[in-house]
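Novice: Structure incoming, see below.
The values are calculated or read from the model by the stated rules, or taken from the named source; none is laboratory data. Bear in mind the structure is a predicted one, so any value in this text is a computation, not a measurement. Counting neighbours? That spans all protein chains shown, and the Cβs are built from the backbone with ideal geometry, glycine included.
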């Protein structure tokens, strides 16, 4: 923790309750963060209060603050303009910094009679023809993919005519997305016609392409070229079908940007859908360390539109924030006209915002090695339990015993919504004899976090702090473990999973009481599977311990074989069956065995033999 926290808080408490900009500096005098505030005292003092409520990015920033300065402004809007200007000038490391690295894209047409269409980011001196430049790489990529599918042009790595007849056609031919010139049976004139029509489609758009193709189809029919006319008819249908797909996505969409974000507590992804002429023409994705949720979207908008010259008339967001009017005014001044910034609640606009948010979640899930379905259930669990961050790393515990004998516990881990079996752990209760689930659970969690403090910050095994702890049990188990966590200074959300009379998960319980789970919610299925898994793991360990104990007790009934020899025999031969089948010489060679004890074991298992 920053040793100057108290001094910095005292200085912050002396700030005026006026709008302005604050500037954080590190020990070297470098600016590491710039922010704005409606009331400087209230905003800045929050940084130097309790660190438990701050996300990791903010805690790291505060740990590096040596001093801060501030500039008072006449209004919050002036503070916003000044903040934006200073961030652009100094690029502090803890602000959201986006790079304007969107270069131009081109449509590349390979040379020769069998040229292919592709999209590239740079022109090369390779004899190919290039169409462009285009600002949106998303638009070029999508358009080229559409053209190749509609006109059945090859996208593989084969070269023509060199590779004619050298291999069977690929899957694209069988699903009617490639005419397969690799077979050597496609006429050069037919390929040239398809290539020309694909380029007309890319240059003129779908409506112009349909008009040209219709004229060519009618001319072919008049010339009795019925096969060519049928081929053109199919291409017209494919172009129209592709156009209909776009209409489904953007039927009445304004020329606008749609922006939505998704955060897992550690990382945040903002997705931007850009619409023009009722069509999605660009899509961008930005992932960065999560900051303070209440102003993260506002900061993103400032950084994003600082880099953009073309400001749309309409911007749809997935959430509101306090400074939305100032942002709208600032964007209007940049655009030279009114900019409407809204948070749609219903209709097609709300559906687009939801789709944009789902894509943000998908992008973040892919980076984390999960799926959007797994992330969505974690988001639901976060909302249900009122957590501050997405529970990416969950530990769950269960106790298993039989009338107090072979008292054990199992710990399972779910990482990114999936079982993380390499992190599973087994515990044998050592602190007492008999049955006491509360004391057993308390002992297990104490031992677990003793290991955490030994290996803190290793980010592996016990060295990683979980985002959530779930106990198989009710308020008694939660209370017993909470006392342990408080005593050890561990701050991790803690809940119990409560079962009904049919042994099904019906609720989670915490300090505030029970939270019912509807069976229609996907989190119900998630928690039920987790509770079943931790129960299976714990009881499996218990059965293994009992089986081993039973085997040992059967061996110790033999004269000359005590606990030490029984354990050594089982370790050497692995199973009782192997011991029973061993001959006398093998038993004599086993660790801890003497000739007399080996003979006693042999006679025990071969007593009925002659």
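Novice: Return a yes/no flag: does region 144-159 have any residue that is more than 24 Å from residue 279 (Cα to Cα), in the same structural domain as residue 210 (by TED's automatic domain parsing) and more than 37 Å from the chain's Cα centre (by Cα).
Specialist: yes
Novice: Something else now. Which condition number in (1) crowded, with 18+ Cβ neighbours inside 10 Å; (2) in contact with a helix residue (DSSP H, G or I) (Cβ under 8 Å, 6 or more places away or on another chain); (3) not assigned by TED's automatic domain parsing to the domain that holds residue 54 is the one that residue 137 fails?
Specialist: Here residue 137 clears every test but (2).
Novice: Collect the residues in region 143-162 that are buried (at least 19 other Cβ atoms within 10 Å of the Cβ) and either more than 21 Å from residue 232 (Cβ to Cβ) or in contact with a strand residue (DSSP E or B) (Cβ under 8 Å, 6 or more places away or on another chain) (or both), keeping them in residue-number order.
Specialist: Once the filter is applied, which keeps residues that are buried (at least 19 other Cβ atoms within 10 Å of the Cβ) and either more than 21 Å from residue 232 (Cβ to Cβ) or in contact with a strand residue (DSSP E or B) (Cβ under 8 Å, 6 or more places away or on another chain) (or both), region 143-162 yields 143, 144, 147, 148, 153, 160.
Novice: Quick check on my filter: what residues within region 38-56 are crowded, with 18+ Cβ neighbours inside 10 Å and in a helix (DSSP H, G or I)?
Specialist: Matches in region 38-56: 40, 43, 44, 45, 47.
Novice: OK, next. Looking for whichever is outside the structural domain of residue 467 (by TED's automatic domain parsing), outside any helix (DSSP H, G or I) and surrounded by fewer than 17 Cβ atoms within 10 Å (Cβ to Cβ) here; the options are 35, 28. Which one fits?
Specialist: Testing whether each residue is outside the structural domain of residue 467 (by TED's automatic domain parsing), outside any helix (DSSP H, G or I) and surrounded by fewer than 17 Cβ atoms within 10 Å (Cβ to Cβ) leaves just 28.
Novice: Could you list all residues from region 296-307 that are touching a residue at least 60 places away in the same chain (Cβ under 8 Å) and surrounded by 16 or more Cβ atoms within 10 Å (Cβ to Cβ)?
Specialist: Once the filter is applied, which keeps residues that are touching a residue at least 60 places away in the same chain (Cβ under 8 Å) and surrounded by 16 or more Cβ atoms within 10 Å (Cβ to Cβ), region 296-307 yields 296, 299, 300, 302, 303, 304.
Novice: With respect to residue 350, determine if the residue is without any contact (Cβ under 8 Å) to a residue 24 or more places away in the chain and within 27 Å of the chain's Cα centre (by Cα).
Specialist: yes
Novice: With the checklist (1) more than 36 Å from the chain's Cα centre (by Cα); (2) surrounded by 15 or more Cβ atoms within 10 Å (Cβ to Cβ); (3) not in a helix (DSSP H, G or I) in hand, flag the one item residue 78 doesn't pass.
Specialist: (3)
Novice: Which residues, counting only those in region 500-510, are in contact with a helix residue (DSSP H, G or I) (Cβ under 8 Å, 6 or more places away or on another chain) and at pLDDT 80 or above?
Specialist: Listed by number, the residues that qualify are 508, 509, 510.
Novice: Let me ask something else. Going residue by residue through region 456-469, is there one that turns out to be more than 26 Å from the chain's Cα centre (by Cα) and assigned by TED's automatic domain parsing to the domain that holds residue 414?
Specialist: Among the residues of region 456-469, not one is more than 26 Å from the chain's Cα centre (by Cα) and assigned by TED's automatic domain parsing to the domain that holds residue 414, which makes the answer no.
Novice: Can you name the condition, by its number, that residue 537 falls short on among (1) out of contact with any helix residue (DSSP H, G or I) (no Cβ under 8 Å at 6 or more places or on another chain); (2) in a strand (DSSP E or B); (3) at pLDDT 85 or above?
Specialist: All conditions pass for residue 537, except number (2).
Novice: Select from region 409-455 the residues that are loosely packed, with under 13 Cβ neighbours inside 10 Å and assigned to a loop (DSSP other than H, G, I, E, B) and write down the one among them that is modelled with the lowest pLDDT.
Specialist: Taking the candidates together, the pick is 434.
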